[in-house]
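Peer 1: There's a structure below that I have some questions on.
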Amino acid sequence: MLALVTASDPAAGESIAVQSGQDVGRPVRTAAFFDLDKTVIAKSSTLAFSKPFFDQGLLNRRAVLKSTYAQFLFLMSGADHDQMDRMRSYITNMCTGWDVEQVKSIVGETLHDIVDPLVFAEAAELIADHKLCGRDVVVVSASGEEIVAPIARALGATHAMATRMVVEDGRYTGEIAFYCYGEGKAEAIRALAAREGYSLDHCYAYSDSITDIPMLEAVGHPTAVNPDRALRKEAAARGWPVLTFTKPVSLRDRIPAPSGAAVATTAAVGISALAAGALTYSLLRRFTL
């Protein structure tokens with residue numbers, strides 16, 4: 001049920017040895033797991049595609065205006081568990097019947113403009129450092145795989161894990177095949193670790209949100225990045241490091257023009273626009289009730 005993208009970069013190898021059993025002296029594989037929104041990129045990827053989806057008739061003007069406001073609220077305060085639950089319910093209603101090929105086309109045509117510039121320079125440097133240490137880099141996000149996968153590849157990530165929607169007869173059914181959120185992220189990390197042979201006790205994880213506590217708890221080296229108020233408090237209580245990223249840099253020169261095949265493999269669902277409307281709904285409801 002996971003959306004995985006494998007890069008071609010060979011790992012340098014990390015000299016941590018297993019201490020017991022017949023594998024004594026064998027190097028242990030490790031990874032660094034990164035949340036995407038407000039951790040690696042400076043805003044919500046799920047809200048970024050509202051305008052191109054409006055231009056193609058998938059969203060109306062009111063939805064676009066709401067998503068712009070929701071982007072502002074997200075940057076200021078993020079989203080908690082209740083808001084994310086409402087977002088999932090809203091997604092199932094809004095996306096039903098959307099044409100998959102239309103979504104693929106929109107994402108392929110607008111990807112460069114949407115993601116440039118988004119990535120924090122500090123995050124890019126940290127990812128590069130982990131790769132130099134021989135660790136795999138994994139982007140783990142509740143956003144859709146059609147957005148997460150190409151950004152992950154541009155960053156040189158080894159894998160990307162993201163939300164996927166069910167498709168039948170070329171259209172979205174409105175059902176979620178895999179929701180990469182909360183405990184789902186932790187389950188995805190454990191499954192990938194079992195498959196790739198990662199020692200999670202030696203792995204790293206980075207996130208900005210209290211909803212990613214399961215993801216941070218899954219590894220031996222968790223770090224809060226640009227944390228929301230709740231995660232900052234939790235990190236202080238647990239003695240976790242806290243990092244602040246503030247310098248977005250352009251990815252325009254790092255992302256190659258997507259081929260038709262690349263668009264087809266990475267645009268399995270229009271979850272970015274779905275989540276835009278969904279998070280808009282939940283955030284606006286909080287301020288209007």
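Peer 1: Taking amide H atoms as placed 1.01 Å from N in the peptide plane, list the residues 5 or more away in sequence, or in a different chain, whose amide H sits under 5 Å from that of E175.
Peer 2: Amide H neighbours of E175, under 5 Å, 5+ apart: V166.
Peer 1: Working out 0.36 nm times the residue gap between H202 and A121, then minus their Cα-Cα distance, what length gain in nm do you get to one decimal? Show your work: numbers first, answer last.
Peer 2: Numbers: separation 81, 0.36 × 81 = 29.16 nm, distance 2.46 nm.
Roughly 26.7 nm would be gained on extension.
Peer 1: For an R0 of 30 angstrom, estimate the FRET efficiency from the Cβ-Cβ distance between D113 and V166 and round to the nearest 0.05. Walk me through the intermediate numbers first.
Peer 2: On the way: r = 29 Å, r/R0 = 0.96.
Efficiency, rounded to the nearest 0.05: 0.55.
Peer 1: In terms of modelled amide H atoms, which long-range or inter-chain residues lie less than 5 Å from the amide H of V219?
Peer 2: For V219, no residues qualify.
Peer 1: Follow-up question, since we're still on this one. Assuming R0 = 25 Å, what is the FRET efficiency of T96 and A194, from their Cβ-Cβ distance, to the nearest 0.05?
Peer 2: Numbers: r = 34 Å, r/R0 = 1.36.
In this case the efficiency is close to 0.15.
Peer 1: Amide H of A32 versus every other amide H placed in the peptide plane: which residues, excluding those fewer than 5 positions away on the same chain, fall under 5 Å?
Peer 2: Under 5 Å from the amide H of A32: D136, V137, V138, Y204.
Bear in mind that the values in this text are calculations on the coordinates, not laboratory data. This is a predicted model, so every value here is computed, not measured. Here Cβ is always computed from backbone atoms with ideal geometry, including for glycine, and neighbour counts include all displayed protein chains.
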